[in-house]
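In what follows, a structure is listed as structure tokens, so that the remarks can point back to it.
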Amino acid sequence: MRSINKNMQRSTFKKKSGSSSSSTIKSLPKELLVEIVASVASHSFIDLHNVKKSCKDLLEAAEDNYVYRRVSLDKLSFIPRSSNDKELSFLKRCKENQNTESLYREGLREYLGNENAEGLRLLDMAAKEGHKEAKYVYGMILLCSSRQEKLIELGLQHLRFLRESKCVIKTRKNVEEFVRIITWKNNGMVISRLNKNLPLCPFKNTCKGWRVKKGRWTLHDDDDDDIVIDSCEYCRWDYELKFFYRLMNIN
């Protein structure tokens, strides 16, 4: 008898607990629910999926455009599965709502894989929103594809952000992972070969304005990439361009 009573009490407690949680969620303003779900989504697409299954109110909040703008795509393949309509629809909404990872991925695929200039526009959009890998790719493209001062300065602005954040090397490695997945060819539109032997620094052969801490032209990690007041910034990015040209198969 006592066992039956205990089971009934546990059942009643679970119902009350579930009802209480539901009431609490319903009492929250929609804007706050959207912000909560978006925060969860920004860390994990899988967590977003679980949240959507928890209750109707959170499911509705998860369909807000702001959530699609912030959701993480880390667990999704870089190359979308064309046979998966749900995944394609999801990624379409992410792009429509200017999800920076979505813009970066499609921009990289379109520009390198399909030689489509629209890809550069998408990379530009993602870079302006602060996406680090987009900043790296777009910044490096501007440096090696143009010798116009305005475009070079724009490229340097993106790259300075990464250097000040001490993440140039880490970001480059992240870019490399995706670039090696893409099947692409370079017909000259993507990356200009003309500037390969034309360094940014006009005093390349005599300039001694940039050295790493260990006294060699080698960066082992981002902590080695110190910004020294009297250093030559052009030499620093000429050094980085060597990696980028190799990444883009430019000999």
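If you sort I169, I46 by accessible surface, 1.4 Å probe, largest first, the order is I46, I169.
The listed peptides 101-113, 25-37, ordered by packing as a protection proxy, come out as 101-113, 25-37 (highest mean of other Cβ atoms within 10 Å first). Work out the FRET efficiency for S27 and E177 from their Cβ-Cβ distance, taking R0 = 51 Å, and round it to the nearest 0.05. Efficiency at R0 = 51 Å is approximately 0.70. Just the protein heavy atoms count here, and of the accessible area of the range 26-72 at 1.4 Å, carbon and sulfur take up 56 percent. Keeping every protein chain present and rolling a 1.4 Å probe, give me the accessible area per residue for the range 26-72 in Å². With all protein chains present, the range 26-72 gives 59 Å² per residue.
Do the alpha carbons of any pairs in K52/K135; K95/K150; K135/K170; K150/K242; K86/K170 sit beyond 24 Å of each other, and which pairs? Among K52/K135; K95/K150; K135/K170; K150/K242; K86/K170, the Cα-Cα distance tops 24 Å for K52/K135; K95/K150; K86/K170. Calculated FRET efficiency, N50 to E118, Cβ-Cβ distance, R0 = 30 Å: about 0.30 to the nearest 0.05. A simple spin-label model places the labels of Q98 and L59 3.1 nm from each other, with each point 7 Å out along Cα-to-Cβ.
Can you bin the range 26-72 into rounded, prolate or oblate? Criterion: square roots of the alpha carbon gyration tensor eigenvalues sorted a ≥ b ≥ c, rounded for a/c under 1.5, prolate for a/b above b/c, oblate for the rest. Oblate, because a/c is 1.5 or more while a/b does not exceed b/c. Rounded to the nearest 0.05, the FRET efficiency derived from the C-beta distance between E129 and R81 at R0 = 30 Å is 0.70. Remark: accessible surface ordering of F90, F244 (largest first) is F90, F244, probe radius 1.4 Å.
The values are calculated or read from the model by the stated rules, or taken from the named source; none is laboratory data. Nothing here was measured: the structure is a model prediction, and the numbers come from that model. Neighbour counts are summed over all protein chains in view; Cβ atoms, including those assigned to glycine, are modelled from backbone coordinates with ideal geometry. SASA here: full protein model, heavy atoms, side chains in, ligands and nucleic acids out. Shrake-Rupley method; radii C 1.70, N 1.55, O 1.52, S 1.80 Å.
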